[in-house]
Amino acid sequence: MNIEPLLDALGLQENAARSLADDLRAQIAELQGRLRETETNLEHLVITRKTVTALADRLPAQAAAPELPDHPDYPRILAVFNDATGPLRARDVCETLGHELLPKNIEGTRAKLKRLLKLGILTEIDTGSFTKKQ
């Protein structure tokens, strides 16, 4: 009985299994490295959370920000003031928002600025000149 072909077939299977095992070991080594990096990052995040929480306990309490009226222009108006380098008039805000410079639009914007003034979000440094409260 000739077992040579059987041994050759077993040799091929053994080589394939050895190659697969080597590939899997390489994948495991890579995953272990990634796991170490992720665990280190997680430890840093936990430390950061503890530090921020400890520091937050020492900060003076801030008053809650007033709620904006329910109109899409209010967040846009605040964005205009966030980008502004100085005081703005209703006409400036109206123009920046892309509204047509008609009296009704300027007056509507002025009314919104006055409402933000009453909410304590803006200050009026001169009649009709508004800035964001510091």
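Below 18 Å, Cα to Cα, which aspartates and glutamates can residue 50 reach? Residues fewer than 8 away in the same chain don't count.
Straight-distance partners of residue 50: 39.
Using a 1.4 angstrom probe with every protein chain in place, what is the largest-first accessible-area order of 129, 19? Please list the in-between numbers first.
Values: 129 20, 19 60 Å².
Solvent-accessible surface, decreasing: 19, 129.
May I ask you to list the lysines whose Cα is less than 16 Å away from that of residue 104, ignoring any residue fewer than eight positions away on the same chain?
In chain and number order, the partners are 112, 114.
How much of the accessible area of the chain, probe 1.4 Å, is carbon plus sulfur, in whole percent? Intermediate results must be reported in sequence, preceding the final value.
Numbers: 5920 of 10690 Å².
Summing carbon and sulfur atoms, their accessible area is 55 percent of the total for the chain.
Using helices alone, I'd like the mean residue ellipticity at 222 nm for the chain: each DSSP H run of four-plus residues gives -39500 (n - 2.57), total over residue count, nearest 500. Write down the numbers at each step before the final one.
Working: 4 runs with 89 residues, N = 134.
Roughly -23000 deg cm²/dmol at 222 nm, from the helical runs in the chain.
Can you find, among 17, 40, 129, the residue farthest towards the positive end of the dipole of the chain? Put +1 on the C-beta of Lys and Arg, -1 on that of Asp and Glu.
129
Based on Cβ point charges of +1 for Lys and Arg and -1 for Asp and Glu, what charge dipole magnitude is obtained for the chain about its Cα centre, in debye rounded to the nearest 20? Present the calculation step by step, with values, prior to reporting the outcome.
On the way: 18 positive and 20 negative charges, 263 e Å.
Computed about the Cα centre, the dipole is about 1260 debye.
Roll a 1.4 Å probe over the protein chains and send me the accessible area per residue for segment 1-123 in Å². Display every interim value, and only then the final one.
Values: 9860 Å² over 123 residues.
Spelled out: the 1.4 Å probe surface of segment 1-123, per residue, equals 80 Å².
How would 8, 92, 83 rank on accessible area, largest to smallest, probe 1.4 Å? All intermediate terms of the calculation are to be shown ahead of the outcome.
Working: 8 90, 92 55, 83 125 Å².
The residues order as 83, 8, 92, largest area first.
Over the heavy atoms of residue 76, what accessible area does a 1.4 Å probe trace out, to the nearest 10 Å²?
It works out to around 100 Å².
Is any helix in the chain, taking whole DSSP H runs, at least 27 angstrom long along its axis by alpha carbon and on average at least -0.5 on the Kyte-Doolittle scale, and which ones? Don't skip to the answer; put the middle values down first.
On the way: long enough: 4-58 (81 Å, -0.36).
In the chain, the long hydrophobic H runs are 4-58.
The values are calculated or read from the model by the stated rules, or taken from the named source; none is laboratory data. Note that this is a predicted model, so its numbers are computed, not measured. FYI the Cβ positions are ideal-geometry reconstructions off the backbone, even for glycines, and counts take in every protein chain you see. The area values use the complete protein model at the heavy-atom level, side chains included, leaving out ligands, DNA and RNA. Shrake-Rupley method; radii C 1.70, N 1.55, O 1.52, S 1.80 Å.
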